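Below is one structure, written out as structure tokens; the observations come after it.
The values are calculated or read from the model by the stated rules, or taken from the named source; none is laboratory data. Not measured: the values here are computed from a predicted model. No Cβ is skipped: glycine too gets one built from the backbone with ideal geometry, and neighbour counts run over all protein chains shown. Calculation scope for accessible area: heavy atoms of the full protein, side chains included, ligands and nucleic acids excluded. Shrake-Rupley method; radii C 1.70, N 1.55, O 1.52, S 1.80 Å.
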Amino acid sequence: MHTTGVMRRLDELARFSSEPDALTRLFLSPAHKAAAQQVLAWMRESGLTAALDAAGNVVGRIEGARPGLPAVILGSHIDTVRDAGKYDGAFGVVAAIEAVSRLRAAALPFAVEVAAFGDEEGVRFPATLIGSRALAGTLDPAALDARDAEGISVREALRRFGCDPAGLPVLARRQGDVLAYVEAHIEQGPVLEAEGLPLGVVTAIAGATRCTVEVDGMAGHAGTVPMPLRRDALCAAAGMILAVERAARETEGMVATVGRIEALPGAVNVIPGTARFTLDIRSADDAVRQAGVDAITATCRRIAAERHVELRMCHTYAEAAAPCAGPLVAALEAAVARAGIRPRQLPSGAGHDGLAMAALCPVGMLFVRCRGGISHHPAEAIGEADAEIAVRVLADFLQNLDPGALAA
Ligand code: HGY
Ligand code: MN
Ligand code: MN
């Protein structure tokens with residue numbers, strides 16, 4: 001049983017799920033709404049002026065030495081993947097609220113805001129970062145037409161959530177009003193644990209390209225169509241998927257994943273006429289990622305031609321890698337060092353809302369060690385002491401941040 005406020009709040013937040021025996025909290029779902037209400041209450045209890053915005057974000061603000069100063073925005077996301085862990089995203093929001101509540105009396109030279117974004121995972125809709133892009137002013141209105149598996153558009157889902165899509169444009173922040181975006185997040189990898197470090201400072205967030213791939217062959221009777229005459233969509237897709245894995249294994253600094261596949265019509269005795277799968281290709285180097293996307297596309301086209309099937313590849317997401325700002329890396333490292341911890345810089349292979357916020361302001365990230373590097377899995381775990389150290393370092397970072405260093 002957890003004893004500290006942060007960990008108890010994370011236990012509470014994990015209860016808001018659309019599944020009884022797993023944590024799944026998709027963007028604009030009833031579970032997301034309940035979690036957003038809970039975060040809103042915690043922000044208000046901690047002295048922040050907070051509200052749900054037109055993009056489904058919960059944003060709270062506490063003024064600095066005088067009202068109306070530019071803000072440092074802390075935050076992360078409260079949506080999850082399916083069958084998720086408790087800490088991916090949620091940790092950064094709860095830790096930020098706790099850090100700000102400890103600084104209430106401090107007359108900082110800037111305001112502090114906390115953002116609980118609702119669409120970082122991009123699992124429900126073939127679009128993502130809608131909340132952070134709305135704040136960054138880079139949200140493409142076409143994203144509102146993206147539809148989920150039930151055919152509900154983002155626009156309609158926002159309305160059902162109680163948000164008015166017409167209010168999205170005014171969410172865009174002016175560059176001068178935001179000094180920085182800083183996110184505390186679990187590492188989702190094994191490095192900090194392997195080196196016995198509770199915290200790390202992120203140098204860059206990997207860029208990503210996501211696609212949906214559809215292969216169309218010819219459905220047929222599993223018992224009567226001779227093998228040489230088949231145009232089996234699933235077998236063609238299987239060849240493509242293994243080629244994706246081979247390309248990533250052979251490319252330094254690139255990873256590629258097929259996270260979802262379906263075969264239609266999906267009957268045991270019917271040759272699949274259609275196969276659909278997703279592609280997620282990442283690299284901290286945009287040129288490596290783009291070359292990887294091009295090579296994988298060419299290979300899929302070659303396999304489709306050899307197997308006489310049709311291929312349709314649709315890019316649903318592309319975000320360039322985002323370097324973290326030098327002054328923020330330095331300020332976070334200084335706060336980590338003041339806590340008596342060896343500062344350790346490392347890149348993030350995972351995507352974050354910072355990819356969107358980088359269009360608006362300098363971005364920084366503080367990583368917390370997670371057990372076995374496990375994430376996007378119910379076994380995701382962080383230590384109570386590490387969580388407390390992260391909150392202390394986040395608060396210390398804010399107290400010692402020189403806004404002038406950010407403008408330099
Ligand atoms: O996919 C990611 O990297 C992030 O967890 N959304
Ligand atoms: Mn995350
Ligand atoms: Mn995630």
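For residue 261 and residue 203 in the same chain, what is the full-extension length gain: residue separation times 0.36 nm, less their Cα-Cα distance, in nm?
Using 0.36 nm per residue and subtracting the Cα-Cα distance, I get 17.5 nm.
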So what is the 222 nm mean residue ellipticity for the chain from helices alone, if each DSSP H run of at least 4 adds -39500 (n - 2.57) and you divide by all residues, rounding to the nearest 500 deg cm²/dmol? -10000 deg cm²/dmol
Estimated vicinal HN-Hα couplings, Hz - the range 107-117 in sequence order (Karplus 6.51, -1.76, 1.60; Gly, Pro = x): 8, 6, x, 7, 7, 10, 10, 10, 10, 9, 6
Carbon and sulfur atoms account, in whole percent of the 1.4 Å probe accessible area of the range 207-319, for 56 percent
Where Rh is the Kirkwood radius over the Cα pairs of the range 163-218, the temperature 37 °C and the viscosity 0.692 mPa s, what D in µm²/s does Stokes-Einstein return? 195 µm²/s
Which of 142, 184, 236 ends up with the largest GNM mean-square fluctuation for the chain, with Cα atoms connected below 10 Å? 142
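For the range 200-297, run through the GluC sites (Glu not before Pro) and keep only the ones in DSSP coil with at most 13 other Cβ atoms within 10 Å of their Cβ. Before the final figure, lay out the partial values.
On the way: sites: 214, 245, 250, 252, 262; in loops: 250, 252.
Of the GluC sites (Glu not before Pro), the ones in loops of the range 200-297 whose Cβ has at most 13 other Cβ atoms within 10 Å are 250, 252.
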Spacing of the two label points (7 Å from each Cα toward its C-beta) at residue 82 and residue 195, in nm: 3.6 nm
Roll a 1.4 Å probe over the protein chains and send me the accessible area per residue for the range 207-319 in Å². 54 Å²
Can you tell me the mean projection area, over all orientations, of the convex hull of the chain's alpha carbons? Units nm², please. 20.6 nm²
Build a GNM of the chain with springs between Cα atoms under 10 Å: which of 48, 311, 139 gets the top mean-square fluctuation? 311
Whole-Å distance linking the alpha carbon centroid of the range 1-62 with that of the range 195-235 is 33 Å
Cα gyration tensor of the range 185-302, axes a ≥ b ≥ c as square roots of the eigenvalues: rounded (a/c below 1.5), prolate (a/b > b/c) or oblate? prolate
Identify which of 242, 23, 52 has the largest mean-square fluctuation in a Gaussian network model of the chain, with springs joining Cα atoms closer than 10 Å. 242
In terms of modelled amide H atoms, which long-range or inter-chain residues lie less than 5 Å from the amide H of residue 47? none
Work out the charge dipole of the chain with +1 on the Cβ of Lys and Arg and -1 on the Cβ of Asp and Glu about the Cα centre, then indicate which of 136, 76, 10 is farthest towards its positive end. 136
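Report relative contact order for the chain in percent, whole number only (criteria: Cα-Cα under 8 Å, sequence separation at least 6).
Working: 932 pairs, mean separation 87.9, N = 408.
Over the chain, the number comes to 22 percent.
When DSSP assigns beta bridges and you keep just the ones with both residues in the chain, what percent turn out antiparallel, to the nearest 5?
Values: 45 of 65 bridges.
Approximately 70 percent, going by the DSSP bridge assignments.
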Expressed as a percent, the accessible surface of the range 74-134 that is carbon or sulfur, using a 1.4 Å probe and the full set of protein chains, is 47 percent
